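Comments concern the structure below.
The values are calculated or read from the model by the stated rules, or taken from the named source; none is laboratory data. Everything numeric here is computed off the predicted structure, so don't read it as measured data. Reconstructed Cβ throughout: ideal geometry from the backbone, glycine too, with neighbour counts over all protein chains shown.
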Amino acid sequence: MQTNVRDEIAALLRWYVEQGLDETIGEEPVDRFALPPPAPVAVAVGAPEKATPRVTPAAPVPVAIPRPTSPSLPPRAPVPLESPQLVEDARALARNCGSVAELEAAIRAFEGCALKRTAKNTVFADGIAGAPVMVIGEAPGADEDRQGKPFVGVSGQLMDRMFDAIGMNRQRDLYITNIIFWRPPGNRTPTPAEQAICLAFTRRHIELARPKVLVLAGGTSAKAILDTTEGIMRLRGKWMPVQLDDGSAVPALPTFHPAYLLRTPASKRQSWIDLLAVDKRLRELGVR
């Protein structure tokens, strides 16, 4: 009987081998993916043991390791592009000018604005000094830089047609300039430092030209002259006084820049309303 049992076991093992089973397993199943049990926690002698609940740890989260920094190097403060002294120099130079001609000569000789080094020409003004309307734009473009006059490109031609529609032109009724006298490279927006330097001359320019009204063409010009952070969409069409250093004030009307109208023809209607407001104000002042 015992021999028969051994034979049966041997036959069973041979059958397992023939079937490819070459390992034996235990009677209790083993979970190979289970986490190992937590390490035992040391308990102080005499302190009552507390049951530690077994918590399944969450999946590890990658942590960004900060790069080492030198504690001796404080964060850098922004470096101004231009010295504040240049603004004071421009103001002092402008105050000493007693006429538009003297101001133009001072601006052409001024070397404190870096834009002059990359520009071909100093773009001062066009039209009639002392005209009832003084138009102030942003900065010269490529055509203006080449010819040395403001608003002579495509946008300037549009502006001429717009004023012609209300019976005004630069040969009789307009005096045209910009807050910047030199073309910024690539027609970029002038920096605050560049605006501050040129604005010292522009404010004196207004005092010497004595216009009845100002037309501020574009957001950059309007914000600089009015010293505000409001955008042109909020400013346009609203009369605002410009207080000058000599104590006088000039009514100013912000409006869209002609270059913006070329890109957005639908806004021409609003600009036409602004032009009619200029014509109405001049009639109220008895100029027309």
Among (1) of a type in the set (G, A, S); (2) over 30 Å from G98 (Cβ atoms); (3) under 24 Å from the mean Cα position of the chain (by Cα), A200 falls short only on (2)
Restricting the range 238-275 to residues that are more than 25 Å from A94 (Cβ to Cβ) and of a type in the set (G, A, S), the one nearest to the chain's Cα centre (by Cα) turns out to be A259
Residue set G127, G148, G167; condition touching a strand residue (DSSP E or B) at 6+ places or on another chain (Cβ under 8 Å), small (G, A, S) and more than 23 Å from K223 (Cβ to Cβ); output residue G127
Can you say whether G231 is touching a residue at least 12 places away in the same chain (Cβ under 8 Å) and within 27 Å of N169 (Cβ to Cβ), as far as the supplied structure shows? no
Apart from one, (1) free of Cβ contacts under 8 Å to residues at least 60 places away in the same chain; (2) crowded, with 18+ Cβ neighbours inside 10 Å all hold for V213; the odd one out is (1)
With criteria (1) modelled with pLDDT under 90; (2) within 26 Å of G218 (Cα to Cα); (3) not in a loop (DSSP other than H, G, I, E, B), Q85 comes up short on (2)
When the range 112-165 is checked residue by residue, the ones that are without any contact (Cβ under 8 Å) to a residue 24 or more places away in the chain and part of a helix (DSSP H, G or I) are R117, D143, Q157, D160, R161, D164
Of those in the range 170-197 that are under 28 Å from the mean Cα position of the chain (by Cα) and of a type in the set (A, V, I, L, M), the residue nearest to A222 (Cα to Cα) is I179
